[in-house]
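Sharing a structure, written as structure tokens. Questions coming.
The values are calculated or read from the model by the stated rules, or taken from the named source; none is laboratory data. Keep in mind that this is a model prediction, so the values were computed, not measured. Positions of Cβ are backbone-derived with ideal geometry, glycine not excepted, and every protein chain shown enters the neighbour counts. Surface areas here come from the heavy atoms of the whole protein model, side chains and all, with no ligands, DNA or RNA. Shrake-Rupley method; radii C 1.70, N 1.55, O 1.52, S 1.80 Å.
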Amino acid sequence: MSQVTVTFIHADGKEQAVTTEAGATVLQLAHEIGLEMEGACEGNMACSTCHVIVDDADFDKLPEASEEEEEMLDLALGLTATSRLGCQVVLTPELDGLRLHIPQATRNMMGF
Ligand code: FES
């Protein structure tokens, strides 16, 4: 299996590079390393707490978001043009070197 290295950029500017096996989602990786990414709906596109902001330079490397993902992102706090749901981004070998900004806050849309 190939490996993918992802750099998380925390709200305070600290960078954290992590290498993992390809195939996991950003949310799964975040949980694996104990990052504060809630993922309240466990990847069912119903909460937006897994919101990440993809670095401008990397955004085009990602496959396009589905309509459902776009709809949930519309409800995310601090939405940007390069926002994605961490539970929907699968780390493929093509995404090696991906840089992701962790938003300062997320909004849990479950129960609304
Ligand atoms: S974990 Fe809830 S939308 Fe991604």
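Kindly check whether there is at least one residue in the range 67-75 that is at pLDDT below 95 and of a type outside the set (D, E, K, R).
yes
Another question about this same structure. How many residues are at pLDDT below 90 and either buried (at least 17 other Cβ atoms within 10 Å of the Cβ) or within 13 Å of the ligand (Cβ to nearest atom) (or both) when one looks only at the range 82-111?
6
Based on this model, can you work out whether ALA17 counts as small (Gly, Ala, Ser), more than 14 Å from the ligand (Cβ to nearest atom), within 21 Å of VAL4 (Cβ to Cβ) and out of contact with any Phe, Trp or Tyr (no Cβ under 7 Å at 6 or more places or on another chain)?
Yes; evaluated as a whole, the condition is true for this residue.
So, ALA24, is that one open to solvent by less than 90 Å² (accessible area, probe 1.4 Å) and either more than 12 Å from the chain's Cα centre (by Cα) or among the basic types (Lys, Arg) (or both) or not?
In short, no.
From (1) part of a loop (DSSP other than H, G, I, E, B); (2) touching a helix residue (DSSP H, G or I) at 6+ places or on another chain (Cβ under 7 Å); (3) within 12 Å of the ligand (Cβ to nearest atom), pick out the condition that doesn't hold for LEU79.
(3)
Okay, next question. Only residues that are outside any strand (DSSP E or B) and under 20 Å from PHE59 (Cβ atoms): list them for the range 1-12, please.
Selection gives HIS10, ALA11.
Does the range 52-67 contain any residue that is within 28 Å of SER2 (Cα to Cα), surrounded by 19 or more Cβ atoms within 10 Å (Cβ to Cβ) and within 12 Å of the ligand (Cβ to nearest atom)?
Yes.
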